[in-house]
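The values are calculated or read from the model by the stated rules, or taken from the named source; none is laboratory data. Here the structure is a predicted model, which is why all the values come from computation and not from measurement. Note that we place each Cβ from the backbone using ideal geometry, even for glycine, and neighbour counts take in every protein chain shown.
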Amino acid sequence: MIIQEIPAAIAREIQVKPYQVEAVIKLVDDGNTVPFIARYRKEATGELNEEQIRTIEERLHYLRNLVKRQEEIIRNITEQGKLTPELSTAILNCSKLQELEDLYLPFRPKKRTRAQVAREKGLEPLAELILAQQLTSGTPEEAARNFINPQQEIDSADAALAGAKDILAETICEQADIRAAIRQRLWQHAELVTELAVPEEAGKDFLNYKEYREPIKRIPSHRLLAVNRGEKKELLKVTLSAPHEDLISFITRKVITGHSIFREVLQDAIADGYKRLLFPAMEREVRAQLTENAEHQAIRVFGLNLRQLLLQPPLAGHTVMGLDPGYRTGCKMAVVSPTGAVLATGTLYITMSAAQQETAARELLATINRHGVTLISIGNGTASYETEEFVARLIQEHNLPVHYLITNEAGASVYSASKLAKEELPGLDVSIRGAVSIARRIQDPLAELVKIDPKSIGVGQYQHDVNQKELGNTLDQVVGSSVNHVGVELNTASIELLKHVAGINASVAKNIVTFRDEHGSFTSRKQLLQVPRLGQAAFTQCAGFLRLHNADNPLDNTPVHPESYHIAETVLAHLGCSTTALKDKATLQNLQEKLAAVNTAALAEKLQAGEPTLRDIVSALGKPGRDPRADLPLPLTRKNIVKLSDITPGTRVRGTVHNVTDFGAFVDIGIKVNGLIHRSELSYKPFRHPLDIVSVGDILEVIVINVDETRGRIGLSLKQAADSNTGVK
């Protein structure tokens, strides 16, 4: 492959037109970010979405590395004087790094192998004679006598043949076509086999894999990662089982072409090479590829779950009480205003003596009434159930106009001990900061969760077993994509939120906040150009994703990019309006009616503007300041507690999807443990992954199908709940 062929190759892979790929490559090479390209360069890319653009970026990096590696290999083989026109063509025709490395393997510098020792003893001509398979009379020993050389420790014909076999074993097993064929057959027929490497008591967490085997082509990622974990802990012995005799026979048929006197010698060399060289290398390669595939799937699922969690709709306008439950140290309490300001803090001892519980109830009630608390956020950690029971009883006894919900507190302790938390909440104890986080994360999940390392949020599977660099890169992309999708209020955003905006890094984000503190609130997007180290290029990338609620120009509170303000103003003028119409509710409603009737294709032609951009502008003008998360269902809130004893098979319950894995979805149904909808209970319709059916944050109506109180497990069914709604199966 040559550099010029890359756009066409990527276009074929992802089934788009070459001009679209070429446009993305140019935009990426010019320093544009993926969110910016996806949102504001639709005419150039033919409206490729963010996922397609990221795929192009990833494949571009891979194929450029491939071309670079091709050049290195051709140069190395040329220096050895072994490059032929046929080999050069084969190298340049490679589209995968694995194919390329297979071709290079015979020429790669190696440690001193048995074959290399035999070559040093002058036995390569004998190996070539045997491989030519042209001698049909005599015996191998007679042919090998010419290579006896006591000075090289070759004292007999058998010793010469043994050395030649070592050369043949390595030569045959390094042939690219043989390696590719064996690799393909292993992927079709090999099985992963595990057994316990320790007594059952020591390996109790892995008893499912005591005597386990599964075809590698069917093994799901979560099982592969579980097996890898057991092997890493030295609790499991893991091997790859394959039809070795069939594979050796395949190589034999491919190599032995006639009836020479060396047939048995070649058979011995092939069997030895397969067992000693080829299969061990293939086993390592297959295991590594299985792990890479499983990690990629786990990271993908983590990313999709994280995106859904970050995009949960905010419960805005509430004065929220955050409760971080605990036993011995008490339940930490923090009340925050609708803007997130801390109004009150304290510690409640609700699991202690009756007197302490009574004191806690009085303090809780007084705090709710004093600050007008309308919503209580209870962390789902230790003592969550007892805290929920306490709160529900208080609401019922005093008929309070307050709801509560159970909040996933994963990462709250990580945040509360962080440098950022100390800077944001300097006067508060570390334990109280956790309660503040639990309260704030339901007011605006995105703004609060970006402060926490995504790996600590708890919506993945085996996140500690996968490639941490790849995981970190993927999660950073997900956070950035989510932040740019929602948009950021420039005058209230934290450094942590701002640094995920396209074109803004951590140091520029800090400069923005410093500028805001020194000069007061921004009144225009253009003021960003006065921020140190935020030049025109960065402004172009970030401006469209930043919002100003009280800007001088109402367009600054929309996703319309400043470079397109003239188009937006022309559209408004065409409708007999001006930008002031975006500020007044009455005029905005009238404008929305006019915008709904706009023929964007005709107007784009009249204004000589791109139709995709005009479409986005018309949509943005109709909803200035709109939060895209507002279209999603709000989280479930409750007033009454549900007890485990209330849950019996057949009970219909509502719950919120907490996590989605390869094997199903965990659902918070309002009790101490989450229920599991196994993938077999998600839908009667075929699907590839549970994420095709449900997402984190979805509110579902499900039926309880089994309860195991001793193991703390609840089985749920979504498809049976649908059955009872429709009356059919």
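Some observations on this one:
- Strands (runs of 3 or more DSSP E) contained entirely in region 257-361, each with at least 1 residues that are over 32 Å from the mean Cα position of the chain (by Cα) and among the charged types (D, E, K, R): 331-336
- Scanning region 31-61 for residues that are without any contact (Cβ under 8 Å) to a residue 60 or more places away in the chain and surrounded by fewer than 13 Cβ atoms within 10 Å (Cβ to Cβ), we see that the one that is farthest from Gly480 (Cα to Cα) is His61.
- Set side by side, the residues Asp205, Asp155, Asp177, Asp166 differ, and just one is surrounded by 13 or more Cβ atoms within 10 Å (Cβ to Cβ) and acidic (Asp, Glu), which is Asp166.
- Hits in region 336-364 (condition: crowded, with 18+ Cβ neighbours inside 10 Å and under 24 Å from Asp627 (Cβ atoms)): Val336, Val342
- Any hit, region 195-212, residues being more than 23 Å from Thr661 (Cα to Cα) and among the polar types (S, T, N, Q): no
- Scanning region 445-468 for residues that are part of a loop (DSSP other than H, G, I, E, B) and without any contact (Cβ under 8 Å) to a residue 24 or more places away in the chain yields a single hit, His464.
- Against the test of being under 24 Å from the mean Cα position of the chain (by Cα) and outside the structural domain of Ile457 (by TED's automatic domain parsing), the options Ile677, Ile669 yield a single qualifying residue, Ile677.
- Within region 295-350, tally of residues that are basic (Lys, Arg) and closer than 30 Å to Leu471 by Cβ: 2
- Where a residue in region 178-202 is touching a residue at least 24 places away in the same chain (Cβ under 8 Å) and its partner, wherever it lies, is surrounded by 13 or more Cβ atoms within 10 Å (Cβ to Cβ) and among the aromatic types (Phe, Trp, Tyr), with Cβ under 6 Å and at least six apart: Thr194/Tyr209; Thr194/Tyr212
- Residue check for Ser413: touching a helix residue (DSSP H, G or I) at 6+ places or on another chain (Cβ under 8 Å), among the polar types (S, T, N, Q), touching a residue at least 12 places away in the same chain (Cβ under 8 Å) and assigned to a strand (DSSP E or B): no
- Matching entry among Gly322, Gly330, Gly326 (being buried (at least 20 other Cβ atoms within 10 Å of the Cβ), free of Cβ contacts under 8 Å to residues at least 24 places away in the same chain and in contact with a strand residue (DSSP E or B) (Cβ under 9 Å, 6 or more places away or on another chain)): Gly330
- Residue within region 31-40 that is under 23 Å from Ala180 (Cβ atoms) and not β-branched (Val, Ile, Thr) present: no
- Restricting region 698-727 to residues that are part of a loop (DSSP other than H, G, I, E, B) and of a type outside the set (A, V, I, L, M, F, W, C), the residue that is modelled with the highest pLDDT: Asp698
- Top-ranked residue of region 381-392 - restricted to ones that are free of Cβ contacts under 8 Å to residues at least 60 places away in the same chain and over 19 Å from Val335 (Cβ atoms), ranked as surrounded by the most Cβ atoms within 10 Å (Cβ to Cβ): Ala383
- The listed residue being at pLDDT 90 or above and under 28 Å from the mean Cα position of the chain (by Cα), out of Ser416, Ser456: Ser416
- The sole residue among Ala143, Ala115, Ala90 that is of a type in the set (A, V, I, L, M) and either closer than 14 Å to Phe262 by Cβ or not in a helix (DSSP H, G or I) (or both) is Ala143.
- Count of residues meeting criterion [assigned to a loop (DSSP other than H, G, I, E, B) and within 23 Å of Thr587 (Cβ to Cβ)] in region 519-565: 11
- Subset of region 497-526 [in contact (Cβ under 8 Å) with a residue 12 or more places away in the chain and surrounded by fewer than 21 Cβ atoms within 10 Å (Cβ to Cβ)]: Ser507, Lys510, Asn511, Val513, Phe515, Arg516, Ser521, Thr523, Ser524, Lys526
- In region 330-366, the residues that are over 20 Å from Thr407 (Cα atoms) and among the β-branched types (Val, Ile, Thr): Thr359
- Residue within region 131-138 that is in a helix (DSSP H, G or I) and within 23 Å of His244 (Cβ to Cβ) present: yes
- Looking at Val16, Val28, Val21, just one residue is surrounded by 20 or more Cβ atoms within 10 Å (Cβ to Cβ) and within 30 Å of Glu563 (Cα to Cα), and that residue is Val21.
- Output for region 62-84, where each listed residue is closer than 14 Å to Leu103 by Cα and crowded, with 16+ Cβ neighbours inside 10 Å: Leu66, Arg69, Gln70, Ile73, Ile74, Ile77, Leu83
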